[in-house]
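Here's the structure we're looking at; comments come further down.
The values are calculated or read from the model by the stated rules, or taken from the named source; none is laboratory data. Note that the coordinates shown come from a computational prediction; the quantities given were computed from them, not determined experimentally. Here the Cβ is made from the backbone with ideal geometry for all residues, glycine too, and neighbour counts use every protein chain on show. Surface accessibility is based on the protein's heavy atoms, side chains included, excluding ligands, DNA and RNA. Shrake-Rupley method; radii C 1.70, N 1.55, O 1.52, S 1.80 Å.
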Amino acid sequence: MFHGREIKRVVVKVGTSTLTHQSGHLNMQRIDHLCRVLSDIKNSGIDVVLVTSGAITAGVNKLKLKKRPEDIKGKQAAASVGQSELMFLYDKFFSQYGYTVAQLLLTKSVTEDPQLRENVTNTLETLLNLGAIPVINENDAVAVEEIVYGDNDMLSAVTANLINADLLIILSDIDGLYEENPSENPDARLIAVVDEITPDIEAVAGGSVSGVGTGGMVTKINAAKFAVPHGTDVVIANGDRPEHLYEIIEGKPVGTLFKGVR
Ligand code: GLU
């Protein structure tokens, strides 16, 4: 039970930093572990949708580039190569735990057009009815919003809205929202619960940094600001240990909870 209510649908967003070793290569053990925990959550009767980054990283490795491209078109090209590699891995790992994946490449603009929004909602609902696990990334060949700024944070909030998710979990390389920047003040305190996203909370987020991913805390707060008014609870937590997802769904105090408006 999650803070007095049953979770029926969860969107989990995982960023590049969580999926990647410091060396810049994909962290296979982490991806496998994540797939195992998500499959188990699905086994418990909860609908799971995964929003994932990592396509650029996978493409950089596959193309044997010495470093991540700095220009947008280079990133888009790398993502196009890496997306199939990423899906190959998700397909392989989820299959191992008995689940079928579906790839959806979305852009935020799709959800702003009523017809396209209805189409994608129908696809998602049908996939969930079929018992599949939708795996979503931004369509990096045609949209650059999340490459430039966001690392899929907003896309995950939009997805949560599309399927009326009870809970959105944003996994990052930081434990949650801190009162101060923890890399500057090691005694900075983690904020456990945010009842309302006030200007003070936004100011706190502006001062914090979350490592290697494109999206920092600001884009995560913006995602929470989008999801919370639609009644979705949002948890920002560290993705280093995927089993934290069990604790989050049980309502245990992990990361920072932004309470959905009800
Ligand atoms: N959609 C991009 C990817 O999957 C976002 C990554 C990023 O901005 O770090 O690689």
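Descriptive notes on the structure:
- Qualifying residue in the range 120-129 (condition: open to solvent by less than 40 Å² (accessible area, probe 1.4 Å) and within 16 Å of the ligand (Cβ to nearest atom)): no
- Pairs meeting the criteria (first residue in the range 5-22 and among the hydroxyl-bearing types (Ser, Thr, Tyr), second residue in a helix (DSSP H, G or I), beta carbons under 6 Å, at least 6 apart or on different chains) are THR16/THR57; THR20/THR57.
- Residue in the range 108-115 that is among the hydrophobic types (A, V, I, L, M, F, W, C), farther than 27 Å from ASP40 by Cβ and assigned to a helix (DSSP H, G or I) present: yes
- Condition met for SER109 (open to solvent by 20 Å² or more (accessible area, probe 1.4 Å), within 20 Å of ALA157 (Cα to Cα), of a type in the set (Ser, Thr, Tyr) and more than 13 Å from the ligand (Cβ to nearest atom)): yes
- Residues that are farther than 25 Å from ALA223 by Cα, open to solvent by 10 Å² or more (accessible area, probe 1.4 Å) and either part of a helix (DSSP H, G or I) or touching a Pro at 6+ places or on another chain (Cβ under 7 Å) (or both) do not occur anywhere in the range 8-24.
- Among the candidates THR107, THR111, THR100, residue that is under 17 Å from the mean Cα position of the chain (by Cα) and hydroxyl-bearing (Ser, Thr, Tyr): THR107
- Lone unmet requirement of (1) more than 13 Å from the ligand (Cβ to nearest atom); (2) within 30 Å of GLU6 (Cα to Cα); (3) not charged (D, E, K, R) for GLN22: (2)
- Qualifying residue in the range 119-142 (condition: over 23 Å from THR57 (Cα atoms), assigned to a strand (DSSP E or B) and either among the basic types (Lys, Arg) or modelled with pLDDT of 95 or more (or both)): no
- Counted as qualifying within the range 27-106 are the helices (runs of 4 or more DSSP H) with 1 or more residues that are within 13 Å of the ligand (Cβ to nearest atom) and open to solvent by 10 Å² or more (accessible area, probe 1.4 Å), namely 55-62, 72-96.
- Taking residues in the range 78-90 that are of a type in the set (Val, Ile, Thr), and partners anywhere that are open to solvent by 20 Å² or more (accessible area, probe 1.4 Å), the pairs with Cβ atoms closer than 6 Å and at least 6 places apart or on different chains are VAL81/LYS62; VAL81/LEU63.
- Any chance ALA132 is aliphatic (A, V, I, L, M) and within 14 Å of the ligand (Cβ to nearest atom): no
- Matching residues, the range 219-234, being at pLDDT 95 or above and hydroxyl-bearing (Ser, Thr, Tyr): THR232
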